[in-house]
Amino acid sequence: MEQILANGVYLGSQYAMIALGLTLIFALMNVLNFAHGQMYVIGGFVTYTFYGQWGVPFVLALVMSCVTLAILGALIERFLFAPVIKGSAREESTMLLAAGIAFFLDAVILLVFGEKQRGVPKIVDGVFNYDFRLIMPYDRILICVLAILSIVAFIGLMQYTKTGRALRALAQDRTAAQLMGVNVDRYSMIGFALGAMLAGLVGGLLVTITGVNLGMGGPTSIKAFMMVMIGGAGVISGAIWGGIILGFMEAIGLAVLYQYGDITYLLIFVSLMIFLAIRPQGLMGKPWG
Amino acid sequence: MSPLLQVKNVTKKYGGLTANNAISFDVAENEILSVIGPNGAGKSTLFKMIASFTPTTSGEVIYQGERISNLKPHIVARKGVVRTFQETTIFKSMTVRESVVVAQHLRAKASLAGYFWGSKTAKDDVTAFEKYADELLEFLGMSEIAGEQASNLPQGSLRALGIAIGLATDPKVLLLDEPFAGMNHDETMNMVNLVRSVRDERGVTVMLVEHDMPAVMNISDRIVVLNFGEKIAEGTPSEIQNNEKVIEAYLGSVDDEIGM
Amino acid sequence: MQRRSLMKAALTAATLTAFGATAAFAENPVLKIGFVGVTSGPAAAWGISNQRSMEARAAWINETGGYTIGDTTYDIEIVSFDDQKDPKRAIAGMEKMAQEGIHYVVGPNVDDGAAAVRPVAESNGIMYFPYAFPKSLYQAPASNAVLGMVANYQSGPAIYKYLMENEGVKTVAFIAANESDPLSQRDGGVEAATALGMEVVSDNVTYQVDTTDFTPVLTPVMRAQPDLLVLSGVSPANAPQLIRSARELGFQGLISTETAQDAGVLAEGAGDLANGFISVGGASTPELASPMMIEFVQRYTDMFGEYNDESNTKVYALEYILETLKVDPSAITDVDAFQTTMDTFEAPNPYMNGDAKLRYVGMTSFGQRRQVAVPLVVNVFQDGAFETLFVAEVD
Amino acid sequence: MLGFTSKQLIGVGIFLFMIFIGVPLIIGATGRWDFYFTLTSVALLAIASAGVWLTFYIGRINIGQGAFALIGAYVSAILVVKAGWSFWISLPAAGLFAAIVAILIGLPILRLRGVYFAMITLVLTQVVTLTALALPITNGAKGISNIPLPSGISLFGIPILPDFAGMENTKLAFYYTACVIMILTYAALYRLVNSRLGHLCRSMQQNEELASSIGVNISYIRIVIFAISSFFGGLGGAMFGSIAQSVYPSSFQVADSVNFMLNCFLGGLGYVFGPMLGTLVLYFGWDLLFEFGKYQMLIYSTVLILIIRFLPNGLLSIRIGKGGDK
């Protein structure tokens, strides 16, 4: 039981971080960013290169991941999403753009970082073992704590800074925000960069535990979509809850349903479908606020 | 003569909130009846229940002796009770004429399969629809903008388009949602005349929800007043103008607005 | 450091290709050999290790004057098609090979692709060497597929038997990804272990390929306390994480798999925790590698910046194709001649010390010779490199 | 004739001529026999994409077509292999079965809109793949292989369809079959869009509330459209199974569902023939870039991004000035 809870918290915190970036971008621009997973992978590879290959301190490598992705996100928004949104008759067209960017980033990752699974030295050694009822390696505990701190920092940013307030206004109502004097173009870019940065940060954090390979992008995006849907699209608290719930669903689902073997995941997905059919707006499905 | 439409003890609750409490009134054939009331009085909810866009919590709406509440909206529309919306609810990328043609859906004689294979009946239908659309648009004075895309129309024309779409379905009762909102005096007068001619020349019974008092007093045969989800008065315009409760309700709401 | 060498290697490779193309054009006639497999997306590692081993070998042959078959000396050109692990694209790839007049193709890498290309290969007279295990691909009436490696239902029993005898293993647990290939391999493994008299204590735990945390997956398996944990059909990306999670959960027993792994990936992903991990590899461990294998690894590394141990097993298919063609040059365009030659073909194994032979096997498993005999080298991971545990033969 | 202008008839004539005579001539002249399969794939994927486009037409983003293609492929394979049916009968049966599944699933999920519907269809693809892995009748992870080629059909002793197994070269036969089905699909789609049902769909796409206020039974039409859409998916999937002579749980997966959707976006959502063009460009484009080796994906995605950047409303929006094709 303790183990399941701990696994749930650990998975939930990392999932929540992935979902946060996605939901932020969705809330701001109504873009379902298919390339979110690829951004996560790039974050992982950047940290791998700096920390694993060049021996730069881990924290510095993490910062590099954030910076790289923030710049990448800003460029993508400024030169691709913004003009396409302006010129498109239906905003869904951005899905094609997002998918194209996902393909592109996949290709770049393959050419630059190669096809192999990569890992970095452990940042902390040892395993916390409470009477074999709760086993958790120290590095996971550390990453989990860092993830939670990042989430708290992000919420703080959204709540108490000028940027955060502008972003929230933008998410709530674009036109109204513009009337209130928010520089919509500028904050769209900042928001996208922030979302991408979150993906990069969590990629950098997790490379210490799961490693990274170019195949992780697509599945990560899809998982993130699900979390966002569970919580309610475009809602910050929803993304956090969605992440935590999916984390617990996996932890509990695997612990309870493992004897069903091959159909464990089938059951998880079917229940997800039923949940979404009954409650399409997700748990927190209400406008940003 | 029994009334065309009866609202009987209709109640709507959202959670603990009562939007409409046991509202009852009748609508006679060929009359223009307005539902008025301060903001949040429950007018829109009542309209939605009459057109079956939302179910009633209790009570029922009877139309020609038949219960029409808690059905699907398209079934109520097929029976002849059709609502219009405020101006944002249109077929944005259709032209005015296309919208009116589509709205004659209920008149179709051919089956969907007949349309697919292009049967004789289907072709006749199409010709008839187009002919009627032109007639209707001329009647409403919209012939000139027939080819315009709806999303390009000014507000006043959009309101008229909403009524055109509603009329195209050949309704017995037309429910108009704030047809005068945001209009200046001249526009309102045009619209009042239009609504009247819809009743006079086409025999359509009209119910409307409205804020604009002068227009309501001008156009209505009878008026129902709601406040806080309750019906507080019903009568001819002059009766309503002199009703103590109504005056109080409106003054009270003005106080509230000042207080905020 | 490594980044830089990679960059350099990429440049060298680009130049080499440019020069290689002109050189080839100038001198020998070209013999094209195809590759259809996955070289992009999540499973890119499987196909890329394949493609690169072929390209490295081809470049080597061309550099040393070409490959003589009958009276003609050919330059070898590798034509690769990325099927994106999609059976529909794999068919298109095989059509492309037919278009190029190619009769010998390595790949595809997965079951569904291998099954999907069969009609095209057979109707166009293409022999293909998949890395997929379903027996129906190789049993009559199927005629044109040749299994390019040791199947898990062949290596599995050998490993289990060895571990039973030498390590006293009695109970075994299987865990597999929830995908066609791994699940099929798991079922084969369970069958083999049961036949050997092992007790299978857990065989129904699966995981999604995109799992990032294996602790909840492994917890129920660990409860069964097996002596041996088999990672059926595990991808190189998942292997280190599974090993790490199992060890961190306190698992003391043995861990093995029947697919090829890369030592570098294991070292990076699991470090010392991967010590003792048993997998199947080619003959590149120091005690087995022939000078030719050592040179191959060197050339591969020079060309692509970094070696991949999965290529140890994947270097063979091309060698088999060329050696068999050498025996009967008419087979270059005539697949029937190739199939006849397969029954009697035998040549020394250039990549392995000792007197191992290249020949076609598979009579026991498929009823016809539709498998390359690569040495079944069972490796154990120790401190960043593989050591040979034992070597066996497949018939 | 059938309400077509002479200009349209000429266009259709040229198109049919190209497909049935032009392409084989060009392939014969250039010797690029491999293009037959590629174009066959394009035709089959275009059929499935047509379904996705149709669900767009009622305002739903459908990322679940892979699920119905997989269902179709399995139904046809099981009927042919286990029940001994003729492939030609199994083909419509596969479509119908997919349509029935669509009706059952559609009842609860078609109420959803926007990203919510998109996501639930995405999950549906996963569910169908996992179901195929778990069920005994689909042969689980091992898939169904060695499916026989389509056999001939004759009516009163007159052969109507030839026996594929007896053919020297099945490429051309599959190509023609796929093209005929594709043309029937798009002809049906064109009729549908331009008939009353199509107008009702458009009214629903633009405003479901208003549509129901004019008496449109929106939930009924949604189901009908989703069923037709899935019927197309089932057809395409079943044909693919018979070409590959095998079906696996991974034959159609999430990536395929996403690609079907991208085909529609790329061609242009406002044009009936958009998905056909989109499929051609996306699928055939990948093949044409084959020469670029490891840079194939990079160039492919760059081109894709450039197209959407400069033609955000789809390839066919170039000719919007000429009045479109609707």
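Coordinate-derived values only; no laboratory data. Here the structure is a predicted model, which is why all the values come from computation and not from measurement. Positions of Cβ are backbone-derived with ideal geometry, glycine not excepted, and every protein chain shown enters the neighbour counts.
Counting only residues 5 or more places away or on other chains, whose amide H sits under 5 Å from the amide H of C:LYS357 once H atoms are built in the peptide plane?
C:ASN349
Any idea what the dipole of region B:135-260 comes to, in debye rounded to 20, about its Cα centre with Lys/Arg Cβ at +1 and Asp/Glu Cβ at -1?
That gives region B:135-260 a dipole magnitude of about 340 debye.
Mind putting a number on the dipole of region A:2-278 about its Cα centre? Charges go on the C-beta only, +1 for Lys and Arg and -1 for Asp and Glu, and I need it in Debye to the nearest 20.
I would put it at about 580 debye.
Of B:LEU175, D:SER76, B:LEU112, which is farthest along the charge dipole of the protein assembly as shown in the positive direction, counting Lys and Arg as +1 and Asp and Glu as -1 at C-beta?
Checked the options; the winner is B:LEU175.
Compute the distance in nm between two label points, each set 7 Å from the Cα along the Cα-to-Cβ direction, one at B:GLU31 and one at B:SER93.
In this crude label model, B:GLU31 to B:SER93 measures out at 4.5 nm.
Among C:ILE78, C:ILE321, D:SER242, whose Cα sits farthest toward the positive end of the charge dipole of the protein assembly as shown (+1 at Cβ of Lys/Arg, -1 at Cβ of Asp/Glu, about the Cα centre)?
Farthest towards the positive end: D:SER242.
Report, for the protein assembly as shown, the % of DSSP beta bridges that are antiparallel, rounded to 5.
50
Given the DSSP H assignment, sum -39500 (n - 2.57) over each helix run of at least 4 residues in chain C and divide by its residue total; what's the result at 222 nm in deg cm²/dmol, nearest 500? Present the calculation step by step, with values, prior to reporting the outcome.
Details: 14 runs with 175 residues, N = 395.
That comes out to -14000 deg cm²/dmol.
Within region A:2-278, count lysine pairs with alpha carbon atoms under 30 angstrom apart where the residues are 8 or more positions apart or belong to different chains. If you can, show how the numbers build up before the last one.
Working: A:LYS86/A:LYS162; A:LYS86/A:LYS223; A:LYS116/A:LYS223; A:LYS122/A:LYS223.
Total qualifying Lys-Lys pairs in region A:2-278 comes to 4.
I'd like the antiparallel share, as a percent to the nearest 5, of DSSP beta bridges with both residues in chain C.
Expressed as a percentage, antiparallel bridges in chain C total about 40.
About its Cα centre, what dipole magnitude does region C:152-259 give when the only charges are +1 on Lys and Arg Cβ and -1 on Asp and Glu Cβ, stated in debye to the nearest 20? Before the final figure, lay out the partial values.
Numbers: 6 positive and 13 negative charges, 49 e Å.
Using Cβ point charges on Lys, Arg, Asp and Glu, region C:152-259 gives about 240 debye.
If we count other beta carbons within 10 Å of each Cβ, what is the order of D:VAL127, A:VAL59, C:VAL146, fewest first?
A:VAL59, D:VAL127, C:VAL146
Between region D:185-234 and region C:321-395, how far is it from one alpha carbon centroid to the other, in angstrom?
Rounded to whole Å, the Cα centres lie 60 Å apart.
Tell me, what ³J(HN,Hα) does each residue in region A:121-135 have, in order and in whole Hz, if you take phi through Karplus 6.51 cos²θ - 1.76 cosθ + 1.60 with θ = phi - 60° and put x for Gly and Pro?
Using θ = phi - 60°, the values come out as x, 4, 7, 9, 8, x, 10, 7, 9, 9, 6, 6, 8, 9, 10 Hz.
Amide H of C:GLN371 versus every other amide H placed in the peptide plane: which residues, excluding those fewer than 5 positions away on the same chain, fall under 5 Å?
Residues meeting the criterion, in which the H sits 1.01 Å from N, are C:LEU147, C:VAL361.
Would you be so kind as to identify which of A:ALA98, A:ALA61, A:MET227 lies farthest towards the positive end of the dipole of chain A, taking Lys and Arg as +1 and Asp and Glu as -1 on Cβ and the Cα centre as origin?
A:ALA98
Starting from the Cα gyration tensor of the protein assembly as shown, take the square roots of the eigenvalues, sort them a ≥ b ≥ c, and report rounded, prolate or oblate (rounded when a/c is under 1.5, otherwise prolate if a/b is larger than b/c, else oblate).
Note, shape of the protein assembly as shown comes out prolate.
So who's got an amide H within less than 5 Å of the one on C:VAL150, skipping anything under 5 residues away but keeping other chains? H placed 1.01 Å off N, in plane.
It is none; the list stays empty.
Ratio of alpha-carbon Rg to the 2.2 N^0.38 Å globular estimate for region C:152-259, to two decimals, please.
Relative to the 2.2 N^0.38 Å estimate, region C:152-259 comes out at 0.96.
Just to confirm my numbers, what's the Cα centroid distance between region B:24-47 and region A:129-186 in Å?
Here the answer is 47 Å between Cα centres.
Under the rule a/c < 1.5 gives rounded, and otherwise a/b versus b/c splits prolate from oblate, where does chain D land using the Cα gyration tensor?
rounded
In terms of the Cα gyration tensor, with a ≥ b ≥ c the square roots of its eigenvalues, is region C:60-170 rounded because a/c is under 1.5, prolate because a/b exceeds b/c, or oblate?
Oblate shape, in that a/c is at least 1.5 and b/c is the bigger or equal ratio.
B:GLU248 versus A:GLN178, label points 7 Å from Cα toward the beta carbon: distance in nm?
4.8
What whole-number value in cubic angstrom gives the convex hull volume per residue for the C-alpha atoms of region A:2-278? Show your work: numbers first, answer last.
Values: hull volume 38.8 nm³, N = 277.
So the per-residue hull volume is 140 Å³.
When DSSP assigns beta bridges and you keep just the ones with both residues in chain B, what percent turn out antiparallel, to the nearest 5? It would help to have the intermediate numbers written out before the result.
Details: 20 of 36 bridges.
Rounded to the nearest five, the antiparallel share is 55 percent.
I'd like the Karplus ³J(HN,Hα) series for region D:232-248: coefficients 6.51, -1.76, 1.60, θ = phi - 60°, whole numbers in Hz, and an x wherever there's a Gly or Pro.
Using θ = phi - 60°, the values come out as 4, x, x, 4, x, x, 5, 4, 4, x, 6, 6, 6, 6, 7, 9, 10 Hz.
Counting other Cβ atoms within 10 Å, which chymotrypsin sites (Phe, Trp or Tyr not before Pro) in region A:103-174 have at most 11 and lie in a DSSP loop?
Numbers: sites: A:PHE103, A:PHE104, A:PHE113, A:PHE128, A:TYR130, A:PHE132, A:TYR138, A:PHE154, A:TYR160; in loops: A:PHE132.
Listed in order of number, the matching sites are A:PHE132.
Sorted by average packing, counted as other Cβ atoms within 10 angstrom per residue and highest first, what order do D:300-312, C:200-212, C:159-171 take?
Numbers: D:300-312: 18.6, C:200-212: 20.2, C:159-171: 16.8.
Put in order of decreasing packing, that is C:200-212, D:300-312, C:159-171.
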